[in-house]
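Take a look at the structure below.
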Amino acid sequence: MTSKKNILCLLLAPVLAVAQQKQVTADSIVISNDYVKVIANLHSGKVHYRFTSGTQFENTVAYVQDVKNGLLLSTAFVGHHVTTDDINDPLGKAICLNLVHDDAGQPLRLTQYITVYEKQPFILLSAVATARVEGTMVETRNISPLTVLPEAHGKITTPGKSVLLTDYPFDNDNWVDVISRRWGSLPIPMHREEAGIAGTSYELASVYDEYTKNGFAVGSLVHDFWKTGIRYGTGAVNNQIDSFIVYGGAATKDDPSLPDSYGGKDGTHDYVLHGTQIGESVASPLIYVAASPDVRNDLLQFGNTVKKIAGSCSWTKSAPFYWNSFGVEGVLGYEKVMMPADVAKVCDFIHSLNNFNKTTQPVLSIDSYDQGIYSTEVLQSVSRYGKKKGQQMGFYFIPFALWTWKNSINDATLTNTSQLLRDVILLDDNNKYVPYKDGDWGAFPLDPTHPYTRNYIIGQLQKAKAIGAKFIKIDFLSAGALESARRYNPQVRSGIQAYNYGMKMLRHLVDSIMGPDIFITQAISPLFPHQYAHTRFLSTDVYSHLRNDQPGFPHYGSTCASMISAAHFWWTQGTLWPYTNMDVVVMKNFQKNKDLTEQEVKVRLFSMMTLGSILGDGTDYRNKEAAARARQFLNNAAICDFFSRPRAFTPLRFPAGNGQAQQISFYLPGDTILVSAFNFDTAKPFTETFEQAELKWANRAYSLRDLLTGQEVGKIDKGKPSFTINVPVKDAVMIQLVPVENKTSF
């Protein structure tokens, strides 16, 4: 495990810890700390993980599916031997339990590595398959360090009477949702009699009680080869999981017979099996497992641990504010709704917003355009005018895919090059082109390891430099992570390995061609690896209408839908990225969609603030009503001050399922506490009670003030343990707690 030198900031408050304990008998070995007890049975080879918070993983196994020799469970071996190592790494002091499953009749041995830290609330798991005969190879595309199977009498139990399982999609494409699923509440075919749920989560899964939040989180920590799948299945018992398989090698094709967010489009979009890892030894993903009385701590700790291992980008300046053309102009720019003729009007209006310009030079981001219409010369002219108004340029491009007509692939060239697409496009096992966005006009994935791809990226970055861009939006990155039967570099054997290769190359080229002070935001992309950008969309494009089922609007891209996913990713701000990106707000209408109400604009803006997003706007400022709203919202001093240093609020009430009548709430701890609450229900008001025991405000009197207007909307008397906020239907509130002795506004 590659680690950085900085010390991990623990999210759980330290307790008075006893020394780490190890007990060995003829039947078992037990390693424990204050948070967990690991019991390895030396007769069966099974392992139990029993957390002091109440979560238990019973009778777990590991496995490897070798390409030649088939599936080998850890329990299939005759011998189970154990050694331990005392280690001291940047995560702390630990005991690593090495559980070796061996059998003279098997072609390989399987070793489980279980690391229990002295003072950490999580454990790390991995599995390594090693050939028994020197010089022979192990090859696999399916290996698991943690598997719970009913036939092995395995099960997971966790405290609570209203338990939810959170299922994460592989990427943020296709408007699929992160969904917290209730046992038996969703109509997904189970092929079983029990009233349970089944599915596959990617890279991360969490389980928790809806009210107490007691639960656990499991996730992958290293993202340089494997796509990690977490297959789950439950029965009728509300807090019991019957099967749970955490494995490297997930590669799933979109399935139009299933709902988009339940297997239809939430997978890896692959047409080819996951690439194989090959060697005398092969290793599984490194897996994080934590369980505590508050799953939010487990998720934050997960984010910090990933950051500890892989690092992350930093940004020392104020967060960028940007105007994005896509909300007005749409794709390609053929209609010329605004650009480039009226760009000066955009620049002039932005320049008139004194608070919007106070902390940063606003960015003019020309998005998703036709290279012939928006040539370097055209964008340079935009840049020159914007610079006079104190603005800087943004640049958009797609590093690992090309949009073109399917019937012209053989003759198509990479943008602004003479290099043929057919030489660099990914192939399936039948030597056919792999589509990324299929259709007569489609997007086709480029091999990130191919020098033609590198040359294409260099050309794009040189154009970005020529127009003086300081902000880059990169899109459709998932194309680079697709599996393929062909790679220019044969040492790159999997989609994520290729994607990691490509992103590392891209970041190096950005730094060398444009300089180190370029802000990079990812749009459509896998969640991991994360460390090459400053922020990432938490959901797909957002059009700012309130709900997906709103008449006259698209059935996707609403504020509610984006919050259903983004609320589950609040922990990524400050861990994976300095900020998040919730896409743009619009003051009146998105492209040709219907007009928004002023209330919808406010709800959308509060949602961006709540999730720690940078401030993006996509408004047509030539419209007087839109301009007036921008002065009200985007030039508000408190709003601009917040967006200059965004911070994600902590969820108090998570979304459940992906129905549109969500009622959710959050708080931001600090010297001045902020709370927000959202009521996406169209019929029922939302009354939320905020408790001092959780928010931890000081024992003093407070004035409750609307952040947008500064007006007092309530009070907290000294010693009062809670306060209540009422949120009307289709509305949201954001309130700051201001000590009455100090009335300085936020």
Quick one: which residues, 5+ away or cross-chain, put their amide H under 5 Å from the amide H of Val727? H built at 1.01 Å from N.
Phe686, Thr687, Glu688
Quick query: amide H of Gly199 versus all other amide H atoms, modeled in the peptide plane; which residues come in under 5 Å with a sequence gap of 5 or more or a different chain?
Tyr232
The answer for the chain, counting only DSSP H helices whose Cα atoms cover 15 angstrom or more along the axis and whose Kyte-Doolittle average is -0.5 or greater, is 295-310, 495-513, 598-610
Expected vector for segment 363-374, Karplus 3J(HN,Hα) from phi with 6.51, -1.76, 1.60 and θ = phi - 60°, integer Hz, x for Gly and Pro, equals 9, 9, 9, 8, 10, 6, 10, 7, 5, x, 6, 9
Using the Karplus equation 6.51 cos²θ - 1.76 cosθ + 1.60 (θ = phi - 60°), what ³J(HN,Hα) coupling, rounded to whole Hz, does each residue of segment 655-660 give in order, writing x for Gly and Pro?
x, 10, x, 10, x, 8
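Counting other C-beta atoms within 10 Å, which of Ile95, Ile230 has the fewest, and how do the rest follow?
On the way: Ile95 20, Ile230 25.
Ordered from fewest to most neighbouring Cβ atoms within 10 Å, Ile95, Ile230 come out as Ile95, Ile230.
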State the Cα centre-to-centre distance between segment 380-447 and segment 481-555 in whole Å.
14 Å
Sort Phe326, Phe170 by Cβ crowding within 10 Å, fewest neighbours at the top.
Phe326, Phe170
At what distance in nm do the modelled label points of Ala637 and Gln21 sit from each other, each positioned 7 Å from its Cα along Cα→Cβ?
5.9 nm
Find how much the distance from Lys358 to Gln692 grows on full extension, using 0.36 nm per residue of separation minus their present alpha carbon separation; answer in nm with one decimal.
116.8 nm
Inter-label distance, nm, simple model (7 Å from Cα along the C-beta direction), Thr597/Cys313
3.8 nm
Could you calculate the contour length gain from Asn430 to Val237, that is, 0.36 nm times the residue separation minus the distance between their Cα atoms, to one decimal place in nm?
65.0 nm
Here FRET efficiency (C-beta to C-beta, Ser257 to Arg384, R₀ 60 Å, nearest 0.05) is 0.70
Taking 1 over the mean of 1/r across every pair of different Cα atoms in segment 622-710, what Kirkwood radius in Å do you get?
15.6 Å
Ranked by Cβ crowding within 10 angstrom, fewest neighbours first, how are Glu694, Glu118 ordered?
Glu694, Glu118
Take Gln106, project a point 7 Å from its Cα along the Cβ direction, then tell me which residues of segment 236-262 have their backbone nitrogen under 15 Å from it.
none
Amide proton proximity set for Glu118, modelled H, under 5 Å, gap of 5+
Lys93, Ala94, Ile95
Provide the FRET efficiency to the nearest 0.05 for the Glu377-Val713 pair, computing r from the beta carbons and using R0 = 45 Å.
0.30
Taking a label point 7 Å from the Cα of Val78 along Cα-to-Cβ, the residues of segment 104-141 whose backbone nitrogen sits under 20 Å from it are 104-112, 130-134
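Given axes a ≥ b ≥ c from the Cα gyration tensor, I'd like to know whether segment 321-646 is rounded (a/c under 1.5), prolate (a/b larger than b/c) or oblate. Before the final figure, lay out the partial values.
Numbers: a/c = 1.66, a/b = 1.52, b/c = 1.09.
Taking the square roots of the gyration eigenvalues as a ≥ b ≥ c, segment 321-646 is prolate.
Based on the Cβ-Cβ distance from Asp86 to Ala628, what FRET efficiency comes out when R0 is 56 Å, to the nearest 0.05? Mind dumping the intermediate values first?
Details: r = 67 Å, r/R0 = 1.19.
Given R0 = 56 Å and the Cβ-Cβ separation, E is 0.25.
Count neighbours as other Cβ atoms within 10 Å of each site's Cβ, and list the chymotrypsin sites (Phe, Trp or Tyr not before Pro) in segment 192-240 that are DSSP loop with at most 15 such neighbours.
Tyr211
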So if I take the alpha carbon set of the chain, get Rg, then get Rh from the Kirkwood formula, what is the Rg over Rh ratio?
0.97
For segment 728-737, in residue order, the Karplus 3J(HN,Hα) values (coefficients 6.51, -1.76, 1.60; θ = phi - 60°; whole Hz; Gly and Pro = x) are x, 4, 6, 9, 8, 10, 9, 10, 10, 9
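Given the Cα-Cα distance of Ser281 and Val729 and 0.36 nm per residue of separation, how much length would full extension add, in nm? Could you put the intermediate results ahead of the total?
Values: separation 448, 0.36 × 448 = 161.28 nm, distance 5.82 nm.
Fully extending the segment from Ser281 to Val729 adds 155.5 nm.
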Which of the lysines could a cross-linker bridge to Lys388, judged by Cα under 30 Å and excluding same-chain residues fewer than eight apart?
Lys317, Lys336, Lys345, Lys358, Lys463, Lys465, Lys470, Lys473, Lys588, Lys624
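Any idea how many Lys pairs in segment 661-739 come in under 19 angstrom at the alpha carbon, given 8 or more places apart or on separate chains?
Working: Lys684/Lys730; Lys696/Lys715; Lys696/Lys718; Lys696/Lys720.
Step by step, the pairs that qualify in segment 661-739 add up to 4.
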Beyond 20 Å between alpha-carbons counts as too far, so tell me which of Lys161/Lys213; Lys227/Lys307; Lys308/Lys504; Lys46/Lys161; Lys253/Lys437 fall in that bin.
Lys46/Lys161
Considering segment 21-310, what Rg and Dmax in Å follow from its alpha-carbon atoms?
18.3, 55
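Values quoted throughout were computed directly from the atomic coordinates according to the rules given, and no laboratory measurement underlies them. The shown structure was predicted, so the numbers you read here are calculated from the model rather than taken from an experiment. Because the Cβ atoms are built from the backbone with ideal geometry, glycine has one as well, and the counts that use them run over all protein chains shown.
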